[in-house]
Amino acid sequence: MTLDPSAKERTAPARLPRDERRAQLLASALEVFVNHGYHGAAMDEIAETAKVSKPVLYQHFPSKRELYLALLDSHLEALTKMLVGALSSTTDNKLRVQATMKAYFHFMANDDQAHRLVFESDLVNDVEVAARLEKFNAHYADAIGEVIAEDTKLAPVEAALLGRALAGMAQVSARYWLEANGDLDLDVASDLVYRLAWRGISRFPKES
């Protein structure tokens, strides 16, 4: 029996530009990784979720590990851009701290799956994953540390330490807020943390 060519066309997956297909595969992988963890996720399920064949998936990502790392890189890049953008949105250091805290809370609120992939994965102790997370944390903390150094008489190493402390404050408080199911309004929550952070920093002596 000869198949109707038009029927074959209807059942074949739509051909997307490479960048669009890659984005589609990453979105499907995020869903599967968040639901099952890295070790519980299977390439079969990712392909099924994306509605593509496994060969198509492997054309873009040769292994589950490479797929996971690409996804992690994508979200860390987006979060870094968001936070650095908040820090550079004004030259008023008080407003910089406020904008940065709010940006972190918005990241948590707007993309819960990305947050869980980045900070709650069962692969966080993997050497390559840990290195990526440390690079992100260092970049974020150093950016905050530069703001602190500009606004105080603290030595660079001291400002860097406080940068780490404030970065950790943002992460821990935003994660707690998210886990509390948003019982507290986002703007109210981020403002509380910002005020705590700024009152601490502003007590250091200014440059004369």
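Residues to consider are Leu196, Leu186; find the one that is touching a residue at least 60 places away in the same chain (Cβ under 8 Å) and open to solvent by 20 Å² or more (accessible area, probe 1.4 Å).
Selected residue: Leu186, the only one of Leu196, Leu186 that is touching a residue at least 60 places away in the same chain (Cβ under 8 Å) and open to solvent by 20 Å² or more (accessible area, probe 1.4 Å).
Out of all the residues in the stretch 43-59, which are open to solvent by less than 40 Å² (accessible area, probe 1.4 Å) and not in a helix (DSSP H, G or I)?
Once the filter is applied, which keeps residues that are open to solvent by less than 40 Å² (accessible area, probe 1.4 Å) and not in a helix (DSSP H, G or I), the stretch 43-59 yields only Val52.
Please specify each residue of the stretch 172-183 satisfying the condition of being within 16 Å of Leu133 (Cβ to Cβ) and either among the aliphatic types (A, V, I, L, M) or open to solvent by less than 30 Å² (accessible area, probe 1.4 Å) (or both).
Hits for the stretch 172-183 are Val172, Ala174.
Considering (1) more than 16 Å from Ala197 (Cα to Cα); (2) modelled with pLDDT under 90, say which one Val97 fails and leave the rest.
Here Val97 meets the rest and fails (1).
Conditions tested, residue by residue: (1) surrounded by 19 or more Cβ atoms within 10 Å (Cβ to Cβ); (2) of a type outside the set (Asp, Glu); (3) free of Cβ contacts under 8 Å to residues at least 24 places away in the same chain; (4) not in a helix (DSSP H, G or I).
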| site | (1), (2), (3), (4) |
| --- | --- |
| Val118 | yes, yes, no, no |
| Glu134 | no, no, yes, no |
| Asn137 | no, yes, no, no |
| Gly145 | yes, yes, yes, no |
| Ile148 | yes, yes, no, no |
| Val157 | no, yes, yes, no |
| Leu161 | no, yes, yes, no |
| Ala170 | yes, yes, no, no |
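Applying the selection to the stretch 72-109, what residues are assigned to a loop (DSSP other than H, G, I, E, B) and over 23 Å from Glu134 (Cβ atoms)?
Ser89, Thr90, Thr91, Asp92
So which residues in the stretch 21-58 are under 12 Å from Leu117 (Cβ atoms) and among the hydroxyl-bearing types (Ser, Thr, Tyr), if there are any at all?
Of everything in the stretch 21-58, just one residue is under 12 Å from Leu117 (Cβ atoms) and among the hydroxyl-bearing types (Ser, Thr, Tyr), namely Tyr38.
Taking the stated definitions as given, is Pro62 surrounded by fewer than 16 Cβ atoms within 10 Å (Cβ to Cβ), assigned to a helix (DSSP H, G or I) and at pLDDT 90 or above?
Taking the combined requirement at face value, the residue does not satisfy it.
Can you tell which of Glu77, Glu31 is in contact (Cβ under 8 Å) with a residue 40 or more places away in the chain and acidic (Asp, Glu)?
Every option except Glu31 fails the conditions.
The values are calculated or read from the model by the stated rules, or taken from the named source; none is laboratory data. No experiment lies behind these values; they were computed from the predicted model shown. In this analysis, Cβ positions are derived from the backbone assuming ideal geometry, glycine residues included, and neighbour counts consider all displayed protein chains. Heads up: the accessible areas ignore ligands, DNA and RNA and are worked out on the full protein's heavy atoms, side chains in. Shrake-Rupley method; radii C 1.70, N 1.55, O 1.52, S 1.80 Å.
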